[in-house]
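Engineer: The structure under discussion is supplied below as structure tokens; questions concerning it will follow.
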Amino acid sequence: MTRSCLTAALLTALLSGGSVLTVALAQQDTTQPPAQGPGTLPAEGEATPADASADAPTAGAEQATVTLVRRSEKDGKDRQIVIVRTGTTDETGIFAFCQPLGDDPPETPTLAVFSETGAGGVQITIDKNVIRVPLAVVTQLPPKEGQEGSDGRVEASAGTARFLNPEEVPEKATDRLTRCEVQATPKPAPDTVIVTQGRTELKGQKLVYDSADGIARIDGPVTFRRSSDKDPLTGKSDRIEVSVDDEKTTLVGSVELRSGGGRTSRAARVEYDDTRNVARLYGSAEQPAESVQGGDTLRAGVIVYDLDRNEVYAEKAEGGTITGEFVDGEEGSGAATTATPTAPATPTTPQRP
């Protein structure tokens, strides 16, 4: 299930010495619980995400991990993107690790291919998000001077990968994966990139993370659902953006949220944080964010949405206004008003002016 351009002995030596390539391979002993988080054998001092695997490992499962390390220019802190594959057979997937070959220049990146069509898939952990996909191709850049670990690029979607037989490799092949006797075949499709954040599950069709800006973009159409006993939330957007530096997840483009309690909210983009039970809806002067429940409508540059309480309040964006239409239950008529109230300390339902 695993193939590398290194011999097994050399790979083990690099790992035990604290490899800056941050690659870990392990044959899982399922008679005892894993000593570390699922899917990793971290180098000394390397963090392991607690939710790296959604499923318990099966007998003889092999786990492979690659960690990208991004040093933020904003605060100088290192943040990790962890990719894990757990599998038992080449029939459902492979892990391939392709280091630069002898005639490659020193700046040549390392490539890793993860594929797994089984239920656990390949798991990518970015900030609060655990992402499950069938196929991920990771390009890890050489580390910068004085830095342990390095950043790179991740492309993930539905698809498959397989090892090539030597006779399948053209004599003058130039493609890096082909030269390493690996073939990866991406097949993006809706609802195959599954993102879990707390109680929320979002689905898209392709993920691309690039070290150029530190943002993981998941193409849509995106659908999602937040579970709740009393007020579940469903919605959609054009795409998702996860900023590694800012540790923010944003729904972008024609965002719509529908609660089981009857509230419908729309915005051009929404910063979504399930762990804090809050969403921030952003609009503009031309197209303000909007939240509607029953006969009450709130429009503003910024609307703060308490997901657990199904309550909203407005914040005025610079140069924008706050407007509302609120139905008087006794008179049965609506009234429109324009105001610029100060947001309360805690979320409340829109108050009638």
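Engineer: Taking amide H positions as placed in the peptide plane 1.01 Å from N, state which residues far from A61 in sequence (5 or more) or on other chains have amide H under 5 Å from it.
Structural biologist: Q28
Engineer: If you take the beta carbon distance between V169 and E73 as r and set R0 to 41 Å, what does 1/(1 + (r/R0)^6) give as a FRET efficiency, to the nearest 0.05?
Structural biologist: Details: r = 40 Å, r/R0 = 0.98.
About 0.50, to the nearest 0.05.
Engineer: Right, another one. Points 7 angstrom from Cα along the Cβ direction at D246 and E201: gap in nanometres?
Structural biologist: About 2.8 nm, to one decimal.
Engineer: Computed FRET efficiency, Cβ-Cβ of D90 and T223, R0 30 Å: what is it to the nearest 0.05?
Structural biologist: Numbers: r = 32 Å, r/R0 = 1.08.
Result of the calculation: an efficiency of 0.40.
Engineer: Within segment 233-272, whose backbone N sits under 12 Å from a point 7 Å along Cα→Cβ of D213?
Structural biologist: Residues 241-244 qualify, since their backbone N sits under 12 Å from the label point.
Engineer: To the nearest 0.05, how large is the calculated FRET efficiency for D104 and S254 if R₀ is 35 Å and r is the Cβ-Cβ distance? Present the calculation step by step, with values, prior to reporting the outcome.
Structural biologist: Numbers: r = 44 Å, r/R0 = 1.26.
Here the calculated transfer efficiency is 0.20.
Engineer: Once you've got the Cα coordinates, tell me which of K74/K206; K77/K248; K128/K203 are over 25 Å apart. Walk me through the intermediate numbers first.
Structural biologist: Numbers: K74/K206 28 Å; K77/K248 15 Å; K128/K203 15 Å.
Flagged as over cut-off: K74/K206.
Engineer: Please give, to one decimal in nm, the separation of the simple spin-label points placed at N277 and D308, each 7 Å out from Cα toward the Cβ.
Structural biologist: It is 0.2 nm.
Engineer: Okay, moving on. Just to be sure I understand the model, the point goes 7 Å from the Cα along the line to the Cβ. What's the resulting E145 to T185 distance in nm?
Structural biologist: Result: 4.6 nm between the two label points.
None of the figures in this text is laboratory data; all of them are computed from the coordinates on show. If you're wondering where the values come from, they're calculated on a predicted model, not measured in any experiment. Methodologically, a virtual Cβ is constructed for each residue, glycine included, from the backbone with ideal geometry; neighbour enumeration extends over all protein chains shown.
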